[in-house]
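These notes are about the structure you will find just below.
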Amino acid sequence: MTVDLRVFQRLLPLLFAMCATHAASASESLRTDGIYRSEVQTNADGVDYISLLRFAADGRVFLSHVSMPARQERVCEWFKPELEAPHWSKGASYRLEAQRLSFRTDSPNAATLFDGLVDSGVLMMQLRVPTKQDLTYSLTFRFASCP
């Protein structure tokens, strides 16, 4: 089978453009210029809190929990990727394929597996804590920009 080199040369820029567009749209769907805030949750002691996720451009993900009320300006001040605070849960690099996002965080008590979808500044995640109880629940995070 003979391939016409001229046809291949014409198609090559189109193929590169398609790949670049796909990569850009996937990376633009997950924002790194702010935080993702969960809905308000209540712990076993009756204290309201939110979970915060922050994604760094280099692939790192950070998870923290903050008691309510949690002012946006204050959270942005101390929740920066360049300030790796020791109390943050350490997370492996996140994986983003099209709109599907997955990662794992580890804390002294347990590992948490996150898997879900990214859609217009909203993360719809399924969380699984593989312990004896094998906890599984859904949690929605909404994006909030940081100055």
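The values are calculated or read from the model by the stated rules, or taken from the named source; none is laboratory data. Note that the structure is a prediction, hence the values are computed from the model and not measured. Neighbour counts are summed over all protein chains in view; Cβ atoms, including those assigned to glycine, are modelled from backbone coordinates with ideal geometry.
How about the range 39-52: which of its residues are part of a strand (DSSP E or B) and farther than 16 Å from Phe103 by Cα?
Gln41, Thr42, Asp48, Tyr49, Ile50
Kindly indicate the residue of the range 45-55 that is surrounded by fewer than 16 Cβ atoms within 10 Å (Cβ to Cβ) and over 20 Å from Pro108 (Cα atoms) and also farthest from the chain's Cα centre (by Cα) among those meeting that condition.
Taking the candidates together, the pick is Gly46.
Being at pLDDT 85 or above and closer than 16 Å to Ile35 by Cα: is that true of Phe55 here?
Details: at pLDDT 85 or above: yes; closer than 16 Å to Ile35 by Cα: yes.
So Phe55 passes the test.
Residue pairs, Cβ under 6 Å, 6 or more apart or interchain, first in the range 117-142 and closer than 19 Å to Ser29 by Cβ, second assigned to a loop (DSSP other than H, G, I, E, B). List them.
Leu117/Gln99; Val118/Leu30; Val118/Gln99; Thr140/Glu39
Take the range 92-106 and flag every residue that is without any contact (Cβ under 8 Å) to a residue 24 or more places away in the chain and of a type in the set (S, T, N, Q). Explain how you work it out, then say what you get.
Restricting attention to the range 92-106, the residues satisfying the condition of being without any contact (Cβ under 8 Å) to a residue 24 or more places away in the chain are 95, 100, 102, 104, 106.
Hit for the range 92-106 is Ser102, nothing else.
Which condition number does Ala98 fail, the rest of (1) of a type in the set (A, V, I, L, M); (2) modelled with pLDDT of 80 or more; (3) surrounded by 12 or more Cβ atoms within 10 Å (Cβ to Cβ) being met?
(3)
What residue, among those in the range 58-83 that are exposed (fewer than 14 other Cβ atoms within 10 Å of the Cβ) and among the aliphatic types (A, V, I, L, M), is modelled with the highest pLDDT?
Met68
I want to confirm something. Restricting to the range 108-144 and keeping residues that are surrounded by 15 or more Cβ atoms within 10 Å (Cβ to Cβ) and of a type outside the set (A, V, I, L, M, F, W, C), which single residue is nearest to Ala70 (Cα to Cα)?
Per the stated criteria, the residue is Gly121.
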